[in-house]
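**Student:** One structure follows; several queries about it will come next.
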Amino acid sequence: MQFEWMGSLYREWNERINVVSRKDVDNIYTNHVLHSLGIAKVIQFKPGAVVLDVGTGGGFPGIPLAVMFPETHFHLVDSIGKKIHVVRQVADALGLKNVKAEQVRAEYTKDRYDFVVSRAVTRMKEFYGWIQHKFRKESLHELDNGILYLKGGDLDEEMNELKRPWREYLLSAYFQEEFFETKKVVYVPH
């Protein structure tokens, strides 16, 4: 039911505040919700896990993941207050008790997390610099704690700048829509 309401909630908010691209609002489920859920093809978050969503914008990937994993805690951050306002309103309308939305830059968050998720906020080397000290030491999952980053295109050059091990998961292996042809989840263990 929550996934059904998501589209109309975002359309309504998008008329007031540009949360997603105007040309993209008709494709909210494929380009935003389903894309966000691509992370769930890589990992099933455990109850009690804590996930930071950096540069969440209107709540992607955090809101769809919070619906899918109601026993996991999600901290959604963005530096733009009006977007965080929308995230809070959407989370409240969907009855999500596992979402905390905060207007803050990632590097200023004080908590520790099992995973950090994001959607193509910046180049990975810069992103890693923001969040490298934000991870819990103990891991609850088969994957070591780390970054799960939604990106598209050829990532070899960008990821080689990072000088850390990484793995990519092609979303086209899970979703048939053309949108996912070059989309990936990039995993960087901490």
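**Student:** Among the residues of the range 49-59, are any without any contact (Cβ under 8 Å) to a residue 24 or more places away in the chain, under 24 Å from ASP24 (Cβ atoms) and assigned to a loop (DSSP other than H, G, I, E, B)? So that I can check it myself, show each step before the final result.
**Tutor:** Going residue by residue through the range 49-59, those that are without any contact (Cβ under 8 Å) to a residue 24 or more places away in the chain are none.
Scanning the range 49-59, I find no residue that is without any contact (Cβ under 8 Å) to a residue 24 or more places away in the chain, under 24 Å from ASP24 (Cβ atoms) and assigned to a loop (DSSP other than H, G, I, E, B), so the answer is no.
**Student:** When you check VAL86 against the structure, is it modelled with pLDDT of 95 or more, of a type in the set (A, V, I, L, M), in a helix (DSSP H, G or I) and surrounded by 15 or more Cβ atoms within 10 Å (Cβ to Cβ), yes or no? Give the derivation first.
**Tutor:** Working: modelled with pLDDT of 95 or more: yes; of a type in the set (A, V, I, L, M): yes; in a helix (DSSP H, G or I): yes; surrounded by 15 or more Cβ atoms within 10 Å (Cβ to Cβ): yes.
Taking the combined requirement at face value, the residue satisfies it.
**Student:** Mind checking which residues of the range 30-42 are over 14 Å from the mean Cα position of the chain (by Cα) and buried (at least 16 other Cβ atoms within 10 Å of the Cβ)? Lay out the reasoning, then the answer.
**Tutor:** Keep residues of the range 30-42 that are over 14 Å from the mean Cα position of the chain (by Cα), which gives 30.
Passing the criteria: none in range.
**Student:** Scanning for something surrounded by fewer than 16 Cβ atoms within 10 Å (Cβ to Cβ) and closer than 22 Å to ILE131 by Cβ, does the range 48-56 turn up at least one residue? Steps first, answer last, please.
**Tutor:** Narrowing the range 48-56 to residues surrounded by fewer than 16 Cβ atoms within 10 Å (Cβ to Cβ): 48.
Then keep just the ones that are closer than 22 Å to ILE131 by Cβ; that gives 48.
Yes.
**Student:** Something else now. Can you work out which of the residues in the range 127-146 that are modelled with pLDDT of 95 or more and of a type in the set (D, E, K, R) is nearest to the chain's Cα centre (by Cα)?
**Tutor:** Restricting to residues being modelled with pLDDT of 95 or more and of a type in the set (D, E, K, R), the top hit is LYS134.
The values are calculated or read from the model by the stated rules, or taken from the named source; none is laboratory data. Since we're looking at a predicted model, the values are computed, not measured. Because the Cβ atoms are built from the backbone with ideal geometry, glycine has one as well, and the counts that use them run over all protein chains shown.
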